[in-house]
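Peer 1: Below: one structure in structure tokens.
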Amino acid sequence: MTAATSGGSGAEQPLVQFEDLACGYGGRAVLDRISLRLYVGQFAGIVGPSGSGKTTLLRAILGQAEVYGGAVRFVDQLPPRGRGSARRRPGRVGYVPQLETVDWTFPVTVQQVVSMGLAAESGPWPWLGREDQRRLGALLDRLGIGDCARQHIRDLSGGQQQRAFLARALIRQPDLLLLDEPTSGADIKTRHEILHLLADLNAEGITVLLTTHDLNSVAAHLPWIICLNGRIVAQGSPDDVFTSEILGRTYGAEMVVVREGDLILVSDKLAATRSTEAATVARGA
Amino acid sequence: MLLEPLRYDFFVRGLIAATLVGGLCGLVGVYIVLRRMSYIGHGLSHAVFGGAVTSYVMHLNFYVGAGLWGFVSALLIHALSRRRGIGADAAIGIITTASFAVGVALISRYRRFTRNFEASLFGNILGVTDQDLAVVVAVSTGAVVLIFFLYKSLLFTTFDPEVASVYGVPSGRVEALFALLLAATIIASMQVLGVTLIAAAIVIPAIVARLLTDSFSTMLWLSTLVGSLCGLVGIYLSYFLDISSGATIVLVSAGVFAVALGVTTFRGQSGGRAARRTIAAGRTRTTAGPFD
């Protein structure tokens with residue numbers, strides 16, 4: 001359960017392969033001995049404490065981390081998506097960065113942000129062609145933000161902002177969608193909406209890999225979890241990896257895992273103890 | 001009365017140059033301000049001064065020597081600031097002040113030509129030659145063409161440089177072209193505004209436009225328009241008040257900024273609030289952006 005394990009989605013065609021990768025920044029390795037396969041059609045989440053290398057793993061796929069050993073490779077060719085479509089080159093990646101990194105004062109509308117996704121492939125003119133405009137409109141409608149197209153990105157709700165940046169990634173028709181903490185800062189309803197949307201996209205054939213701190217949401221929505229802390233601690237289904245022992249090794253803290261039928265709830269021991277004490281005090285009062 | 005100075009050829013040349021340079025700085029300034037690299041304009045204009053003096057000493061054409069020097073300086077800043085442990089602010093400080101110091105050292109060594117560079121330092125619109133004007137026209141035209149065809153790539157690399165390269169935008173080439181454009185803008189503006197005042201002409205129109213709009217495309221033409229008008233009004237005032245053209249243009253721009261800030265503050269526009277946040281962010285991160 002620690003390396004090169006099947007993706008859990010039933011698909012067996014590897015899309016991205018990490019081969020004993022060591023990478024980081026400025027000569028300092030953030031990740032070491034990473035051997036991992038990401039399969040076509042997989043829907044996986046990376047969990048781990050802050051500084052464990054979650055974002056660096058995504059950046060390694062994007063070619064934006066310094067490689068000190070090993071390699072990260074895309075497979076040579078992907079099978080066609082849909083009947084009659086030609087075989088496509090791999091490595092078409094859509095990337096949704098952490099929203100915290102976005103400059104919300106920048107003067108751009110939703111439409112302009114999404115059209116950036118086509119900046120390298122929609123001709124030399126400053127405007128989009130008719131077909132690209134139609135696709136953009138249809139995509140925004142599908143993601144439920146069609147009415148916000150001309151709004152400034154700052155004026156959207158958190159969920160809508162996440163969808164706008166997701167649209168920028170999707171308009172490229174990616175094979176692989178990488179999302180850095182897509183549920184960060186979102187309320188419960190928005191979190192579930194985003195994860196459901198990602199599940200729908202995954203069902204359409206897009207491979208999805210995301211990072212998150214939200215263990216309970218990924219336990220409920222994602223079929224495959226990678227536990228990371230500089231190295232891969234474990235990977236597998238939430239049932240397999242969400243144990244006190246594995247999460248304790250991942251986070252370096254005592255973790256409490258409660259199972260209630262299909263439901264898995266995770267908390268660190270300190271928080272769980274405080275909750276129990278608070279509940280006891282409340283009952284006493 | 002306004003037509004009176006138009007009888008003089010030097011004034012007409014100066015008027016055209018100031019209007020074009022104002023618009024050019026306004027156009028390029030949008031990207032500078034949004035990249036929060038306002039200090040690069042100031043620094044690079046000083047770096048180019050070193051190139052100007054060096055090209056004079058080496059008997060090279062001013063525009064070729066200074067242009068090459070400015071372009072290389074911009075690329076060096078870009079490369080140096082990407083090294084861990086050297087921030088963009090330090091990179092700009094090192095390259096530009098060292099470059100400026102080369103100019104000062106050469107001037108102090110060959111004192112006989114000190115006066116030739118007063119125009120470069122403080123601007124001398126009355127001394128604009130046909131060649132200077134041709135350079136301003138060429139750079140302005142080039143800037144419009146470059147920004148037209150690189151509009152999407154420049155927007156993406158300005159907004160989100162890391163993701164732009166992931167999405168196939170050739171960020172390195174786009175940044176190199178922008179560095180070239182910035183160096184060319186500064187060189188074309190030196191005769192009109194002077195090294196010491198270029199940064200303000202680049203930054204102020206863009207900030208004024210940002211105060212008034214939340215749309216990137218509107219900001220582009222508005223900043224260009226504000227820059228041009230400030231150049232036009234500034235050159236007239238310079239003539240009638242008999243003060244330095246560069247200083248007058250910058251003071252007019254500063255006045256327009258004060259009015260725009262007052263109006264947007266009074267109206268409490270959301271765009272104004274956003275821009276004030278941009279200004280505040282710019283104060284704390286004046287050199288961030290793609291030169292990070």
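The values are calculated or read from the model by the stated rules, or taken from the named source; none is laboratory data. None of these values were measured; they are calculated from a predicted model. Virtual Cβ from ideal backbone geometry, glycine too; neighbours counted across all protein chains shown.
Peer 1: What number of residues within the stretch A:35-65 satisfy the criterion of being buried (at least 17 other Cβ atoms within 10 Å of the Cβ), part of a strand (DSSP E or B) and out of contact with any helix residue (DSSP H, G or I) (no Cβ under 7 Å at 6 or more places or on another chain)?
Peer 2: Residues meeting the conditions: 5.
Peer 1: If I ask for residues that are among the hydrophobic types (A, V, I, L, M, F, W, C), surrounded by fewer than 18 Cβ atoms within 10 Å (Cβ to Cβ) and closer than 21 Å to A:Leu179 by Cβ, which ones from the stretch A:122-165 would you list?
Peer 2: A:Leu156, the sole residue that qualifies.
Peer 1: Suppose we keep only residues that are under 16 Å from A:Leu177 (Cα atoms) and polar (S, T, N, Q) within the stretch A:21-63. Which one would you say is farthest from the other protein chains (Cβ to nearest Cβ)? Walk me through it before giving the result.
Peer 2: Applying the first criterion (under 16 Å from A:Leu177 (Cα atoms)) to the stretch A:21-63 yields A:37-46, A:54-63.
Within this subset, residues satisfying the condition of being polar (S, T, N, Q) are A:42, A:55-56.
Details: A:Gln42: 20, A:Thr55: 11, A:Thr56: 13 Å.
Among those that are under 16 Å from A:Leu177 (Cα atoms) and polar (S, T, N, Q), it is A:Gln42.
Peer 1: Tally the residues that are in contact with a strand residue (DSSP E or B) (Cβ under 9 Å, 6 or more places away or on another chain) and either assigned to a helix (DSSP H, G or I) or at pLDDT 90 or above (or both), restricting the search to the stretch B:207-221.
Peer 2: Initial filter on the stretch B:207-221 (in contact with a strand residue (DSSP E or B) (Cβ under 9 Å, 6 or more places away or on another chain)): B:214-216.
This time we only want the ones that are either assigned to a helix (DSSP H, G or I) or at pLDDT 90 or above (or both), so: B:216.
The number of residues fulfilling the criteria is 1.
Peer 1: Determine which member of the set B:Val137, B:Val104, B:Val128 is away from every other protein chain (no Cβ under 14 Å) and at pLDDT 90 or above.
Peer 2: Selected residue: B:Val137, the only one of B:Val137, B:Val104, B:Val128 that is away from every other protein chain (no Cβ under 14 Å) and at pLDDT 90 or above.
Peer 1: Would you pick out the residues in the stretch B:142-176 that are touching a helix residue (DSSP H, G or I) at 6+ places or on another chain (Cβ under 8 Å), farther than 17 Å from B:Leu34 by Cβ and surrounded by 16 or more Cβ atoms within 10 Å (Cβ to Cβ)?
Peer 2: Scanning the stretch B:142-176 gives B:Gly142, B:Ser165, B:Tyr167.
Peer 1: If you scan the stretch B:48-68, which residues turn out to be of a type outside the set (Ser, Thr, Tyr), under 22 Å from B:Val137 (Cβ atoms) and in a helix (DSSP H, G or I)?
Peer 2: Passing the criteria: B:Val48, B:Gly51, B:Ala52, B:Phe62, B:Val64, B:Gly65, B:Ala66, B:Gly67, B:Leu68.
Peer 1: Are any of the residues in the stretch B:227-237 within 11 Å of the chain's Cα centre (by Cα), away from every other protein chain (no Cβ under 14 Å) and part of a helix (DSSP H, G or I)? Lay out the reasoning, then the answer.
Peer 2: Initially, the stretch B:227-237 is screened for residues within 11 Å of the chain's Cα centre (by Cα), giving B:227.
Next, only the ones that are away from every other protein chain (no Cβ under 14 Å) stay: B:227.
Keeping just the survivors that are part of a helix (DSSP H, G or I) gives B:227.
Scanning the stretch B:227-237, I find at least one residue that is within 11 Å of the chain's Cα centre (by Cα), away from every other protein chain (no Cβ under 14 Å) and part of a helix (DSSP H, G or I), so the answer is yes.
Peer 1: Across the stretch B:230-254, which residue is nearest to B:Met190 (Cα to Cα) among those that are in contact (Cβ under 8 Å) with a residue 60 or more places away in the chain, touching a helix residue (DSSP H, G or I) at 6+ places or on another chain (Cβ under 7 Å) and surrounded by fewer than 24 Cβ atoms within 10 Å (Cβ to Cβ)?
Peer 2: Once the filter is applied, the top-ranked residue is B:Ser244.
Peer 1: Determine whether the stretch B:113-121 contains at least one residue that is among the acidic types (Asp, Glu) and at pLDDT below 85.
Peer 2: So the first thing to find is which residues in the stretch B:113-121 are among the acidic types (Asp, Glu), and the list is B:118.
Subsequent filtering for residues that are at pLDDT below 85 retains B:118.
Scanning the stretch B:113-121 turns up at least one residue that is among the acidic types (Asp, Glu) and at pLDDT below 85.
Peer 1: Give me the residue from the stretch A:89-119 that is more than 20 Å from A:Asp180 (Cα to Cα) and out of contact with any Lys or Arg (no Cβ under 8 Å at 6 or more places or on another chain) and, out of that set, surrounded by the most Cβ atoms within 10 Å (Cβ to Cβ). Spell out the reasoning first.
Peer 2: First pass over the stretch A:89-119, keeping only residues more than 20 Å from A:Asp180 (Cα to Cα): A:89-90, A:105-109, A:111-112, A:115, A:118-119.
With out of contact with any Lys or Arg (no Cβ under 8 Å at 6 or more places or on another chain) added as a condition, the list becomes A:89-90, A:106, A:108, A:112.
Numbers: A:Arg89: 10, A:Pro90: 17, A:Phe106: 21, A:Val108: 27, A:Gln112: 22.
If we take residues in the stretch A:89-119 being more than 20 Å from A:Asp180 (Cα to Cα) and out of contact with any Lys or Arg (no Cβ under 8 Å at 6 or more places or on another chain), then A:Val108 is surrounded by the most Cβ atoms within 10 Å (Cβ to Cβ).
Peer 1: Something else about it: Could you please find all residues in the stretch B:197-222 being within 11 Å of the chain's Cα centre (by Cα) and of a type in the set (Val, Ile, Thr)? Can you show your working first?
Peer 2: Taking the stretch B:197-222 and keeping what is within 11 Å of the chain's Cα centre (by Cα), we get B:197-206.
Hits for the stretch B:197-222 are B:Ile198, B:Ile202, B:Val203, B:Ile204.
Peer 1: Kindly provide the set of residues from the stretch B:138-168 that are within 18 Å of A:Val108 (Cα to Cα) and aliphatic (A, V, I, L, M), ordered by number.
Peer 2: Within the stretch B:138-168, B:Ile147, B:Leu150, B:Leu154, B:Leu155, B:Val163, B:Ala164 qualify.
Peer 1: Restricting to the stretch A:142-160, name every residue that is closer than 18 Å to A:Ser217 by Cβ and in contact (Cβ under 8 Å) with a residue 40 or more places away in the chain.
Peer 2: Result: A:Gly158, single match.
Peer 1: List the helices (runs of 4 or more DSSP H) that sit entirely inside the stretch B:149-206 and contain at least 1 residues that are farther than 26 Å from B:Gly65 by Cβ and facing chain A (nearest Cβ under 8 Å). Give the steps one after another, and end with the answer.
Peer 2: Working: elements: B:151-159, B:161-166, B:171-193.
Helices (runs of 4 or more DSSP H) meeting the threshold: B:151-159, B:161-166.
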